[in-house]
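Laboratory data are not the source of any read-out in this text; all were calculated from the coordinates shown. If you're wondering where the values come from, they're calculated on a predicted model, not measured in any experiment. In this analysis, Cβ positions are derived from the backbone assuming ideal geometry, glycine residues included, and neighbour counts consider all displayed protein chains.
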Amino acid sequence: MSSITISRPETSRPIIAGVVTALVGFTSSFAVVLAGLRAVGASDAQAASGLLALTLTFGLGILLLSWRTKLPITLAWSTPGAALLVSTGAVEGGWPAAVGAFVIVGVLIVLTGLIPALGQLIGKIPVSLAQAMLAGVLLSLCLAPFKALGTTPLLVLPIIIAWLIMMRFAARWAVPVALALALAVIGIYLVLSGTTLSAAHLVPTLVWTTPGFSWQAIAGISLPLFIVTMASQNVPGVAVLKSFGFSTPWRSSMVVTGMGTALGAPFGGHAINLAALSAALAAGEEAGSEPRRRWVAAFTSGWVYLLLAALSAALVTLVAAAPAGLVEAVAGLALLSTMASAISAALAEAKERIGAIVTFLIAASGLSFAGIGAAFWALLGGLVVRWALSERRAASRQ
């Protein structure tokens, strides 16, 4: 009989991949999350609590799912969802209503896992319109780096140059390096300005907010956030794992992420979901040549995320002290590739382009009507235009 010996380097590869997965996943988009939470009314303390709650819930979710299934399942916060919050802004009922909307998103995600018909209904939303809505809500944040060039060029230009250089040579580290440079700039700015940070603000703390509910928040936040999270995170997350030969346990994944979202919402978390972009780091060959051991990479990333949660308050404190526009510029750079993919998917089919472009423009316009933000009206407007044009094409064929 022959035995298989696993070399030490091969054994360590999943662990290293897990560490990289967590570092890239956290640093590449936490600025977007903070911008989104603050846009819908969170104070600095509530935003810090939200970042902490999100990191804890999906870190624990990763540990649970990867251990039970022995699959490289990784989770993340909804980065596109956070960008949606930026475009939505404050809603009727303020921050408590936004928190209530987050709770409803969690319930909807759980129901999607338990009721197949709901998942099928989400699948019927045209991809072109969902992606056009996403591209529209991303536009304002993606413009931030270039707007900041006009106000603080000496601060922002080095960050953009560093991002571009890293995109050329090591794309996955482009945003983390840009973020590290931004934090260094903030540190220098604090020293030169004589600003001191309170030690009490550096300790991570969960802050409870009793959820409130308003139909404006449900229509303007819950429904668009649910759709964006499903279409831009959960569905691509399943596809990424499938591309590496892994079948995602849909029901358990939706129940875990939905319950995590609902439990984290009163502490400020907006939504957690299957990881999409960072999922490839834990599921691909970088996590080892043996697919059956790649779950260790996901499991490791879960522990690293729990360690990173301890940094949430310090990061929020630094962001709050940053020069205006600096952190938003990093957030915009983080979302450029997502926006490019969304635009490409929205305009892929010629017959869908008019409906998609209408959806995009309404979402980008910042329209607010009856207390409901642009994302809801963008999707509704796109569906109406799509229906009208499909009826016209049907009539012309008769």
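Tabulated data for the structure shown
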{"quantity": "Unit charges at the beta carbon, dipole of segment 1-114: most positive-side option, 27, 51, 88", "calculated": "27"}
{"quantity": "Computed [θ] at 222 nm, helices only, for the chain once each DSSP H run of length n ≥ 4 contributes -39500 (n - 2.57)", "calculated": "-22500 deg cm²/dmol"}
{"quantity": "The chain shape via C-alpha gyration tensor axes, a/c threshold 1.5", "calculated": "rounded"}
{"quantity": "Selected from 304, 274, 217, residue furthest toward positive end of dipole (segment 157-312; charges at beta carbon)", "calculated": "274"}
{"quantity": "Highest average packing first - 211-223, 127-139, Cβ atoms within 10 Å", "calculated": "127-139, 211-223"}
{"quantity": "Highest-first arrangement of 275-286, 22-33, 335-346, where packing means the average Cβ count within 10 Å", "calculated": "22-33, 275-286, 335-346"}
{"quantity": "The chain - charge dipole about Cα centre, Lys and Arg +1 at Cβ, Asp and Glu -1, debye rounded to 20", "calculated": "840"}
{"quantity": "Distance between segment 291-370 and segment 70-140 - C-alpha centres, whole angstrom", "calculated": "12"}
{"quantity": "Integer Hz, Karplus 6.51/-1.76/1.60 couplings in order for segment 311-328, x for Gly and Pro", "calculated": "8, 4, 5, 5, 5, 5, 5, 5, 4, 5, 8, 6, x, 4, x, 5, 5, 4"}
{"quantity": "Phi-based couplings in Hz for segment 85-96 (Karplus 6.51, -1.76, 1.60; Gly and Pro marked x)", "calculated": "4, 4, 6, 6, x, 5, 10, 4, x, x, 4, x"}
{"quantity": "Rounded, prolate or oblate (a/c below 1.5 giving rounded, otherwise prolate when a/b exceeds b/c) for segment 281-363 by Cα gyration tensor", "calculated": "oblate"}
{"quantity": "FRET efficiency, 1/(1 + (r/R0)^6) with R0 35 Å, evaluated for residue 168 and residue 193 via beta carbons", "calculated": "0.55"}
{"quantity": "Cα-projected label distance for residue 208 with residue 388, points at 7 Å along beta-carbon direction, nm", "calculated": "5.0"}
{"quantity": "Sites excluded, trypsin sites (Lys or Arg not before Pro) in DSSP loops with at most 15 other C-beta within 10 Å, longest stretch of the chain", "calculated": "125-398"}
{"quantity": "Vicinal HN-Hα couplings computed from phi for segment 137-144 (Karplus, 6.51 cos²θ - 1.76 cosθ + 1.60; Hz; Gly/Pro x)", "calculated": "6, 7, 4, 4, 5, 5, 7, 4"}
{"quantity": "For segment 210-252 versus segment 39-54, the gap between their alpha-carbon centres in whole angstrom", "calculated": "20"}
{"quantity": "Shape category assigned to segment 101-163 from the gyration tensor of Cα positions, a/c cut at 1.5", "calculated": "prolate"}
{"quantity": "Restraint check, 147/351; 70/242; 70/124, Cα-Cα greater than 25 Å", "calculated": "147/351; 70/124"}
